[in-house]
Amino acid sequence: MELREVASTPALGPLFARAALTQRGRGGALPAHGLHLAAVQVDRAHLLDYQHLCRFAGGDVLPHTYPHVLGFPLQVALMAGRDFPLPLPGLVHLENRITVHRRLTADDRLDVTVHAADLRPHAKGQLVDLVTEVDVDGERVWEGRSTYLRRGRGDANAVAPQSGPPMPQGPPAGVLRLPEGLGRAYAAVSGDVNPIHLHALSAKAMGFPRAIAHGMWTAARTLATLGPETSGPSTSEVWFRKPVLLPSTVELVVDDSGPRTVVGLRSGRESVREHLVLTLDVEAGA
């Protein structure tokens with residue numbers, strides 16, 4: 001696969017605007033190239049802002065989800081390109097899988113590569129994976145796969161994707177109260193300025209009753225509750241089920257009785273309303 005070098009981290013605002021203006025008339029195959037950003041140096045001030053917002057411990061160790069934030073602008077740049085077959089506006093983040101092969105710190109220089117893979121039918125449209133890979137000195141140290149759904153004409157015979165394990169039951173292990181401005185706070189750290197996250201008015205224009213929390217903030221906040229072991233060799237998988245409207249109160253439920261930890265995020269008002277289910281395997285990334 002051809003890799004195209006990117007000189008610096010792309011600004012997301014102009015990319016979202018370009019994607020909105022060029023969303024019509026797309027189709028065809030996935031682009032045959034990926035994007036590569038070499039020797040990324042972690043900004044410690046930015047890292048600390050991310051740690052605080054997601055409630056990870058401070059310090060030089062990179063949280064499990066932090067490289068996703070570094071790779072996300074490359075994902076958007078690839079999807080905003082005119083040769084990407086699916087329009088970026090309206091894509092729904094369904095699943096995410098991350099493997100940390102070794103503990104990373106702010107001293108590591110990260111080579112970040114993103115490519116698209118596995119465009120496939122879904123009962124409600126089409127699915128595509130955006131794959132992010134991080135290397136240090138030629139060694140693969142982190143990789144993530146984000147699965148997105150483009151709603152539209154589907155295929156009733158398509159193989160249904162995995163839906164994840166059942167939501168853990170029982171009393172909550174924690175209660176989180178999420179403020180109305182959470183989407184804007186995470187956008188300031190992540191650069192993800194998708195209007196569905198920023199304000200009730202812009203979210204309503206996109207079909208939501210209120211702004212919704214970023215999926216990767218909810219995943220990161222959930223992982224942060226499991227402690228520092230998530231930043232070492234490990235694999236997480238998360239299935240996003242229902243969006244978290246802002247403001248709201250949500251509950252964390254945990255099942256650590258098996259070989260892998262299962263964590264759920266559910267509504268604080270309606271326990272049957274499931275927002276996400278996440279699994280963590282601390283052996284799989286070793």
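The values are calculated or read from the model by the stated rules, or taken from the named source; none is laboratory data. All of these numbers come straight from a predicted model, not from anything done at the bench. We place every Cβ from the backbone using ideal geometry, glycine too, and count neighbours over all the protein chains shown.
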Test of understanding: among Gly27, Gly59, which residue is free of Cβ contacts under 8 Å to residues at least 24 places away in the same chain and more than 25 Å from Phe208 (Cα to Cα)? Gly59
Can we say Pro121 is assigned to a strand (DSSP E or B), more than 20 Å from the chain's Cα centre (by Cα) and free of Cβ contacts under 8 Å to residues at least 60 places away in the same chain? yes
Among the residues of region 137-177, what is the count of those that are without any contact (Cβ under 8 Å) to a residue 40 or more places away in the chain, part of a loop (DSSP other than H, G, I, E, B) and under 30 Å from Pro233 (Cβ atoms)? 2
For Val76, the lone unmet condition from (1) touching a residue at least 60 places away in the same chain (Cβ under 8 Å); (2) under 22 Å from Thr235 (Cβ atoms); (3) buried (at least 20 other Cβ atoms within 10 Å of the Cβ) is (2)
Sole exception among (1) in a loop (DSSP other than H, G, I, E, B); (2) buried (at least 21 other Cβ atoms within 10 Å of the Cβ) for Ala116, by number: (1)
So, in region 36-73, how many residues would count as being surrounded by 21 or more Cβ atoms within 10 Å (Cβ to Cβ), within 18 Å of the chain's Cα centre (by Cα) and farther than 13 Å from Ser190 by Cβ? 3
Among helices (runs of 4 or more DSSP H) lying entirely in region 178-273, which contain 2 or more residues that are within 27 Å of Pro67 (Cβ to Cβ) and touching a Pro at 6+ places or on another chain (Cβ under 9 Å)? 182-190, 215-224
Residue satisfying condition, being in contact (Cβ under 8 Å) with a residue 60 or more places away in the chain, of a type in the set (Ser, Thr, Tyr) and more than 30 Å from Leu176 (Cα to Cα), within set Thr99, Thr132, Thr113: Thr113
Over 20 Å from the mean Cα position of the chain (by Cα), surrounded by fewer than 21 Cβ atoms within 10 Å (Cβ to Cβ) and either farther than 21 Å from Ala20 by Cβ or among the hydrophobic types (A, V, I, L, M, F, W, C) (or both): is that true of Ala185 in this structure? no
Of (1) at pLDDT 95 or above; (2) over 16 Å from Asp137 (Cβ atoms), Pro87 satisfies all except one. Which? (1)
Take Gly170 and tell me if it is over 19 Å from the mean Cα position of the chain (by Cα) and either at pLDDT 95 or above or surrounded by fewer than 20 Cβ atoms within 10 Å (Cβ to Cβ) (or both). yes
Name every residue in region 214-250 that is over 20 Å from Phe56 (Cβ atoms), over 16 Å from the mean Cα position of the chain (by Cα) and of a type outside the set (A, V, I, L, M, F, W, C), in order of residue number. Pro247, Ser248, Thr249
